[in-house]
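What follows is a set of notes on a single structure, which appears directly below.
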Ligand SMILES: NC(=O)C1=CN([C@@H]2O[C@H](COP(=O)(O)OP(=O)(O)OC[C@H]3O[C@@H](n4cnc5c(N)ncnc54)[C@H](O)[C@@H]3O)[C@@H](O)[C@H]2O)C=CC1
Ligand SMILES: C[N+](C)(C)CCCC(=O)O
């Protein structure tokens, strides 16, 4: 099969698994792709569905400084525009993403391994996020405060300056949009570092912003891992770091940012509870449990992986969940019929399989899946596929119930009473999301109030409209993404006090 590169855009729209090769530089600053200075630390990036090398990720070293300076010069121009002017450009970017949706989705699939159907939704969420913050940009305003004697004060909502975004590999394009859209709406510039495993699509977003008319340097992409991330977090010209990833790395980012007293948003992992009461609408609860566990091969931070089911309905619940889990079409992520693609990497696949093995050793029962899956298509034989797994006989003290697996593994736990299940659901250091299925309206709101998590879904799971704030409690992080409130995390308030009379001095 002919190899296709990102430059051949018309063919790219039909690119199939195993065919894409990315050769262009993946850094972007000053309004253009930038070749890395030093290729010696280059790392191969794999296509998860085939195990084939897709491109090389060449980490940025000292060039990070150029990207940050480029962002700063753009910030000086962008921050002087009115909200309406910024909105017009952001709306144009959203329009271009809509137009190029399938092409971006295909690149995302080749790099991440998730199904094309999901990738298309992710790209839709990305343009919706930019559109949403374009709408908010002109509404940003301060307050007028009347003081005695005709004096007054007013507040100005001002940008922070250069913000850094550090992304994870599970939603590469969407995370870049979730971070850049509110940052730009508030008048900031951004330097974004994708995960070294998913370097391909963030730079497409950079090109789209440029085409839409942002000043050169407003949204930049630097490639790299921990070292590059460290350079960004330590840089004196950076005002804020917004991070998505694991708890241990989040702590390091916070420590580095603390040295420069930089603001931080941390969007970390979870081990979220989904509570299914016997009075639920069972069909919806089953669908909810599947949505809570199997999107993006289970590699979703807010997944409801501890599924608490009231004992009386456990048999019906398990029978139906297992039947539908077994029926999930796993395979070529570029095919429209596929509902589950490949995990991000071989080591990650092995880690997930290790969790399942350990769960069995600790007494859990595998009701289905949990094995490496080799699709019949020979080109997928080295892909990182795992059959979706449902674990029964789980106890709260098992590793699979306590730790984030980040794979297609649902742990099911019986419960008897509301008080008991709330106590067990909250018995975790995480607090990203939670869910409850019940027909009892009072119970639903009581449970939502008592769950210690940044989000509680009532009678659904994993819906994420961009209008709604998203973020964690406890060790799942702080700060929020999406929703109106996120402008507060990308801006600062200046108070201006105006004296209309004479100065009354004590001296
Ligand atoms: N909250 C979420 O959405 C996600 C959570 N995770 C969790 O994290 C686990 C490991 O995944 P990783 O991608 O390895 O997560 P990670 O936390 O190591 O990496 C996330 C990002 O931080 C960067 N980074 C790593 N070390 C850094 C440092 N010292 N300074 C600054 N930046 C640094 C990485 O290059 C990447 O861009 C997963 O198995 C999962 O449990 C992973 C991805 C997303
Ligand atoms: C599943 N969704 C889209 C609602 C949230 C994804 C958040 C993340 O894992 O970065």
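Taking the condition in a loop (DSSP other than H, G, I, E, B) and free of Cβ contacts under 8 Å to residues at least 40 places away in the same chain, does residue 278 pass?
Working: in a loop (DSSP other than H, G, I, E, B): yes; free of Cβ contacts under 8 Å to residues at least 40 places away in the same chain: yes.
For residue 278, the condition - in a loop (DSSP other than H, G, I, E, B) and free of Cβ contacts under 8 Å to residues at least 40 places away in the same chain - is met.
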Go through (1) away from ligand 1 (no atom under 15 Å from the Cβ); (2) under 23 Å from residue 302 (Cβ atoms) and name the single condition residue 177 misses.
-> (1)
Checked 429, 486, 438 against criteria (in the same structural domain as residue 373 (by the TED database), out of contact with any strand residue (DSSP E or B) (no Cβ under 7 Å at 6 or more places or on another chain) and farther than 30 Å from residue 360 by Cβ); the one match is 438
Those residues of segment 317-328 that are within 29 Å of residue 470 (Cβ to Cβ) and touching a strand residue (DSSP E or B) at 6+ places or on another chain (Cβ under 8 Å) come to a total of 4
Evaluate segment 418-433: report whether one residue or more is within 26 Å of residue 126 (Cβ to Cβ), more than 16 Å from ligand 1 (Cβ to nearest atom) and modelled with pLDDT of 95 or more.
-> no
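For segment 286-310, give me each residue that is in a strand (DSSP E or B) and either within 12 Å of residue 457 (Cβ to Cβ) or away from ligand 1 (no atom under 16 Å from the Cβ) (or both).
Going through segment 286-310, the residues in a strand (DSSP E or B) turn out to be 306-310.
Correct list: 307, 308, 309, 310.
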Does residue 165 count as farther than 25 Å from residue 462 by Cα and within 16 Å of ligand 1 (Cβ to nearest atom)?
-> no
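Please verify whether segment 212-226 includes one or more residues that are part of a helix (DSSP H, G or I), out of contact with any helix residue (DSSP H, G or I) (no Cβ under 8 Å at 6 or more places or on another chain) and either at pLDDT 95 or above or within 16 Å of ligand 2 (Cβ to nearest atom) (or both).
Initial filter on segment 212-226 (part of a helix (DSSP H, G or I)): 212, 226.
Now drop any that are not out of contact with any helix residue (DSSP H, G or I) (no Cβ under 8 Å at 6 or more places or on another chain), which leaves none.
No - not one qualifying residue is present in segment 212-226.
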Given (1) touching a strand residue (DSSP E or B) at 6+ places or on another chain (Cβ under 7 Å); (2) within 16 Å of ligand 1 (Cβ to nearest atom); (3) on the phi < 0 side of the Ramachandran plot; (4) not assigned by the TED database to the domain that holds residue 308, index of the condition residue 498 fails = (2)
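Inspect all residues belonging to segment 285-295 and state whether any of them is free of Cβ contacts under 8 Å to residues at least 24 places away in the same chain and closer than 27 Å to residue 370 by Cβ. Working first, answer last.
Let us first name the residues in segment 285-295 that are free of Cβ contacts under 8 Å to residues at least 24 places away in the same chain, namely 287.
Now restrict to residues that are closer than 27 Å to residue 370 by Cβ: 287.
Yes, the conditions are met somewhere in segment 285-295.
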Does residue 88 satisfy the criteria of being surrounded by fewer than 24 Cβ atoms within 10 Å (Cβ to Cβ) and under 17 Å from residue 20 (Cβ atoms)?
-> no
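Would you call residue 244 in the same structural domain as residue 170 (by the TED database), within 13 Å of ligand 2 (Cβ to nearest atom) and surrounded by 21 or more Cβ atoms within 10 Å (Cβ to Cβ)? Steps first, answer last, please.
Values: in the same structural domain as residue 170 (by the TED database): yes; within 13 Å of ligand 2 (Cβ to nearest atom): yes; surrounded by 21 or more Cβ atoms within 10 Å (Cβ to Cβ): yes.
It is true that residue 244 is in the same structural domain as residue 170 (by the TED database), within 13 Å of ligand 2 (Cβ to nearest atom) and surrounded by 21 or more Cβ atoms within 10 Å (Cβ to Cβ).
Confirm whether residue 198 is within 14 Å of ligand 1 (Cβ to nearest atom), outside the structural domain of residue 404 (by the TED database) and not in a helix (DSSP H, G or I). Lay out the reasoning, then the answer.
Working: within 14 Å of ligand 1 (Cβ to nearest atom): yes; outside the structural domain of residue 404 (by the TED database): yes; not in a helix (DSSP H, G or I): yes.
Criteria met by residue 198.
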In segment 228-243, residue nearest to ligand 1 (Cβ to nearest atom) [restricted to those that are more than 19 Å from the chain's Cα centre (by Cα) and part of a strand (DSSP E or B)] = 238
Of (1) in a helix (DSSP H, G or I); (2) touching a strand residue (DSSP E or B) at 6+ places or on another chain (Cβ under 7 Å), residue 283 fails just (2)
Test set (1) at pLDDT 95 or above; (2) assigned to a loop (DSSP other than H, G, I, E, B); (3) surrounded by 16 or more Cβ atoms within 10 Å (Cβ to Cβ) - residue 463 fails condition number = (3)
Run down 291, 340, 314 and say which single residue is within 30 Å of residue 14 (Cβ to Cβ) and either in contact with a strand residue (DSSP E or B) (Cβ under 8 Å, 6 or more places away or on another chain) or not assigned by the TED database to the domain that holds residue 428 (or both).
-> 340
Look through 328, 405 and report the one residue that is within 16 Å of ligand 2 (Cβ to nearest atom) and modelled with pLDDT of 95 or more.
-> 405
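Can you confirm whether residue 225 is closer than 15 Å to residue 168 by Cβ and surrounded by fewer than 24 Cβ atoms within 10 Å (Cβ to Cβ)?
Numbers: closer than 15 Å to residue 168 by Cβ: yes; surrounded by fewer than 24 Cβ atoms within 10 Å (Cβ to Cβ): yes.
Spelling it out, residue 225 is indeed closer than 15 Å to residue 168 by Cβ and surrounded by fewer than 24 Cβ atoms within 10 Å (Cβ to Cβ).
Take residue 270 and tell me if it is within 17 Å of residue 392 (Cβ to Cβ), within 16 Å of ligand 2 (Cβ to nearest atom) and in a loop (DSSP other than H, G, I, E, B).
no
Tell me yes or no: at least one residue of segment 114-134 is part of a loop (DSSP other than H, G, I, E, B), within 16 Å of ligand 2 (Cβ to nearest atom), surrounded by 24 or more Cβ atoms within 10 Å (Cβ to Cβ) and in contact (Cβ under 8 Å) with a residue 60 or more places away in the chain.
Step one: filter segment 114-134 for residues part of a loop (DSSP other than H, G, I, E, B), giving 114-115.
If we keep only those that are within 16 Å of ligand 2 (Cβ to nearest atom) as well, we get 114-115.
Pick out the ones that are also surrounded by 24 or more Cβ atoms within 10 Å (Cβ to Cβ) and you get 114-115.
Filter again for in contact (Cβ under 8 Å) with a residue 60 or more places away in the chain, leaving 114-115.
Yes: segment 114-134 contains one or more residues that are part of a loop (DSSP other than H, G, I, E, B), within 16 Å of ligand 2 (Cβ to nearest atom), surrounded by 24 or more Cβ atoms within 10 Å (Cβ to Cβ) and in contact (Cβ under 8 Å) with a residue 60 or more places away in the chain.
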Residue by residue through segment 250-267, note down the ones that are within 16 Å of the chain's Cα centre (by Cα) and either part of a helix (DSSP H, G or I) or at positive phi (or both).
-> 250
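From the list 44, 59, 48, pick out the single residue that is at pLDDT 95 or above, exposed (fewer than 15 other Cβ atoms within 10 Å of the Cβ) and not assigned by the TED database to the domain that holds residue 376. First the steps, then the outcome.
Details: 59 fails: exposed (fewer than 15 other Cβ atoms within 10 Å of the Cβ); 48 fails: exposed (fewer than 15 other Cβ atoms within 10 Å of the Cβ).
From the options 44, 59, 48, the qualifying one is 44.
The values are calculated or read from the model by the stated rules, or taken from the named source; none is laboratory data. The structure displayed is predicted, hence computed values, not measured ones. Methodologically, a virtual Cβ is constructed for each residue, glycine included, from the backbone with ideal geometry; neighbour enumeration extends over all protein chains shown.
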